[in-house]
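To keep things clear, I will list the structure first and then write my remarks on it.
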Amino acid sequence: MALNQMTVVAVIGAGAMGAGIAEVAARARHHVLLFDTVVGVAEKARAGIADRFRRAIQKGNMTEQEAASIITRIEPVAALNGVARAGLVIEAIVEAVEPKHVLFKALEGLVGEEAVLATNTSSLSVTQLGSVLTKPQRFLGLHFFNPAPIMALVEVISGIQTPKALADEATGLMRAWGKEPVQCRSTPGFIVNRIARPYYGEAVRLLEEGVATPATIDALMMEAGGFRIGPFGLMDLVGLDVNLAANTGVWQGLGQDPRYAPTVIQREMAASGNLGRKTGRGYYDYEEGAKRPEPATAAPAARPAKVALRGEAGVTAPLIARARDAGVTIDTLAGPPALVIDGHALALSDGRPAALRYAADLGRPAVLFDHARNFATATRIAIAPAPQAEPAALGAAIGFFQALGIAVSVVGDSAGLVVLRTLAMAANEGVVALEAGVCGPSDVDLAMEKGTNWPEGPLAWGVRVGLDVVLEAMEHMAATTGSDRYRPSMLLRRAAVQGVGLDRALVRFA
Ligand code: NAI
């Protein structure tokens, strides 16, 4: 079953994904057989690709010859038995077990003994889909992302019966197709759909808890978190029904673990029929003339007169440097880490709400500020005052960040605020995936960077800020909320011990 450039590739189902996969394979110089049960759909898919190529030619991004040779390599076939000569079949039909089982059984009787059968399923068990075959050892998942010609990531998914050699061979083929493949085990959500859960899950919880509005949370995740699109904007884009289905699938598949539980607000929104951009309304209104709500942004406050750094700067060192660059004189003081702004303590969130921090620390951090992925470039920050703090403390904190050119969103006092809470949960989830043998450390980060355009993998972020910082945030969030959702993974606990790290902590005997 050697997969190489000579392999004839068949794509079954010529919808959004099938058409894209056919194009990717044809671009990689394979002859591609394209089949769809609905008459004319395969031809239409090929014509759609040709249309896009014409626009690319007009823009000078492609030559006529290139376009023509790719298009001629895509051959629509009128009946399933037209794919009999394929050496690799990629299924991209409706997302349901029964029709996929029927298809794979039929394919097994058609194609040669050595042909490889693959599914593009985004949510079903690859093991279950392959279980109907007499030879499940020829079966695996090749999960492309939408749009397939643009998104670099392909999750190469092994079912229980997929031999490692086949996964490796398919991985090599995906590289030859110009893709960035990652290998993972058939598990709910695979890599991307699992590790992306906290990005949405924490956002909807923050909304339910009244910590901030969707517009504020989105602005913070973009301007402080460095993401290209905020969680609510992304849910509206994907479709609230599609997002809820993916969420529910992972939650059910992983034993209804509270880590993945959908929230009331998610279910209510989906039930309302306002499903996002496709229906004109979701968390935001997309009707013509509708005004996008603004994020909460603090009004200008006075520039602080006296700023001191108490204790070590740690991960906030770039913020201190930025303050100095902005002409703020910073004295140093001994004591528990905080900034002291005109006599008021401003401390980086460690996962505890400001109210508890105020009570627990003799240093009285009056106002907490959230993490930013990069304090040197962040343009917005979340802050939360402790209920016990004097009103002047809030103004001092706002004035400090504004002096640095950073917009301030005042949010509700909460566990982990917005960015820390989300990133810590995503990093922990990455570690949980490693612990569960879903994939390897580099696969987690590559998958999130290439499959969802995250600016940095969650493990890379966790290692950069310190696994001990992530662990502490998780422990504090778990203690404050009393929810198992925030429990740190066992592997994170072991890896966060001084000097151990993920590589040494991650020892698997299976
Ligand atoms: P789609 O609805 O755009 O296309 C499915 C096509 O399959 C339709 O043209 C339909 O006529 C055809 N079809 C249905 N049953 C068939 C059969 N038995 N034999 C041949 N053709 C058949 O769906 P889409 O979005 O392309 O999804 C296809 C698969 O890819 C699903 O398993 C989905 O979960 C997966 N997927 C979808 C992604 C997305 O963003 N849309 C991303 C990654 C995977």
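The values are calculated or read from the model by the stated rules, or taken from the named source; none is laboratory data. All figures in this text were calculated on a predicted structure; none of them were measured in a lab. Ideal geometry is used to build each Cβ from the backbone, glycine not excepted, and the neighbour counts take in all protein chains shown. We work out accessible area using only protein heavy atoms, side chains counted, and drop any ligands, DNA or RNA first. Shrake-Rupley method; radii C 1.70, N 1.55, O 1.52, S 1.80 Å.
Which order do 7, 37, 279 take by accessible area at a 1.4 Å probe, largest first?
Reading off the accessible areas and sorting them downward yields 37, 279, 7.
Straight-line reach only, C-alpha to C-alpha below 19 angstrom: list the lysines that residue 135 could link to, leaving out same-chain residues fewer than 8 apart.
Once the sequence-local lysines are set aside, what remains near residue 135 is 100, 105, 164.
Just the number, please: percent antiparallel of the DSSP beta bridges in the stretch 9-186, rounded to the nearest 5.
Percent antiparallel among DSSP bridges in the stretch 9-186 is about 15.
Apply the Debye scattering formula to the stretch 169-239, with a single equal point scatterer on each alpha-carbon and no solvent, then give log10 I(q)/I(0) at q = 0.17, 0.21 Å⁻¹.
Log10 of I(q)/I(0), two decimals: -0.74, -0.90.
Can you pull the percent of Cα pairs in the stretch 84-131 with separation above 13 Å?
In whole percent, the share of Cα-Cα pairs in the stretch 84-131 beyond 13 Å is 50.
Once the Cα atoms of helix 467-481 and of the chain are each reduced to a long axis, what angle between those two axes, in degrees from 0 to 90 to the nearest 10, is obtained?
80
Using the Kirkwood radius built from alpha carbon pairs, what does the Stokes-Einstein equation give as D for the chain at 37 °C and 0.692 mPa s, in µm² per second?
This corresponds to a translational diffusion coefficient of 132 µm²/s.
In the full protein assembly as shown, how much of residue 330 is accessible to a 1.4 Å probe, in Å² to the nearest 10?
20
How large a share of the accessible area of the stretch 307-410, in percent, is made up of carbon and sulfur atoms when the probe is 1.4 Å and the other protein chains stay in place?
In the stretch 307-410, the share of accessible area belonging to carbon and sulfur is 59 percent.
Ranked by accessible surface with a 1.4 Å probe, highest first, in what order do 288, 114, 223 come?
288, 114, 223
Fully extended, how many nm does the chain gain between residue 268 and residue 114 (0.36 nm per residue separation, minus their Cα-Cα distance)?
Separation in residues times 0.36 nm, less the Cα-Cα distance, equals 50.6 nm.
Using only protein heavy atoms and a 1.4 Å probe, report how much of residue 331 is accessible, in Å² to the nearest 10.
70
Using alpha carbons only, how many angstrom separate the centre of the stretch 106-175 from the centre of the stretch 449-470?
Cα centroid to Cα centroid, the span is 28 Å.
What is the angle, in °, between the Cα long axis of helix 97-110 and the longest principal axis of the Cα atoms in the chain? Nearest 10 is fine, range 0 to 90.
On a 0 to 90 degree scale, this one is about 40.
In nanometres, what is the gap between the two model label sites at residue 510 and residue 299, each 7 Å from Cα along Cα-to-Cβ?
6.2
In whole Å, how far is the Cα centre of the stretch 349-388 from that of the stretch 399-414?
So the two Cα centres are separated by 10 Å.
Give me the log10 of I(q) over I(0) for the stretch 190-291 at q = 0.12, 0.13, 0.14, 0.20 Å⁻¹, as the Debye formula computes it from C-alpha points; what are the numbers?
For the requested q values the scattering log ratios are -0.37, -0.44, -0.51, -1.04.
Considering only protein heavy atoms, what per residue accessible area in square angstrom results for the chain with a 1.4 angstrom probe?
About 41 Å² of surface per residue is accessible.
Note the angle between two axes, namely the Cα long axis of helix 64-73 and the longest principal axis of the Cα atoms of the chain, as a number of degrees from 0 to 90, rounded to the nearest 10.
Once rounded, the angle reads 60 degrees.
Only bridges with both residues in the chain count here: give the DSSP antiparallel percent, nearest 5.
30
To the nearest 0.05, what FRET efficiency results for residue 80 and residue 312 with a Förster distance of 56 Å applied to their C-beta separation?
0.25
For the stretch 1-57 and the stretch 210-289, what is the separation of their C-alpha centers, rounded to whole Å?
If we compute the Cα centre of each part, the gap is 32 Å.
For the stretch 358-510, what ratio Rg/Rh do Cα atoms give with a Kirkwood hydrodynamic radius?
1.02
Cα to Cα, under 14 Å, and not fewer than 8 places away if on the same chain: which aspartates and glutamates meet these conditions relative to residue 44?
Partners found: 23, 36, 75.
Stretched out fully, how many nm does the piece from residue 65 to residue 228 gain, at 0.36 nm a residue minus the Cα gap?
Extending this stretch completely gives an extra 55.1 nm.
Near the amide H of residue 119, under 5 Å away, which other amide H atoms are found, from residues 5 or more places off or on another chain, if H is placed in the peptide plane?
Distant-sequence amide H within range of residue 119: 91, 140, 141, 142.
Once neighbouring chains are kept in place and the probe is 1.4 Å, which whole percent of the accessible area of the stretch 9-186 is contributed by carbon and sulfur?
C and S atoms contribute 55 percent here.
Taking the highest mean first, how do the peptides 164-173, 393-402 order by number of other beta carbon atoms within 10 angstrom per residue?
393-402, 164-173
Testing the spin-label approximation: label points 7 Å from Cα along Cα→Cβ at residue 279 and residue 55. State their distance in nm.
2.8
Give, as a single signed number, the net charge of other residues whose beta carbon lies under 13 Å from the beta carbon of residue 307, with Lys and Arg counted +1 and Asp and Glu -1.
It works out to a net charge of +3.
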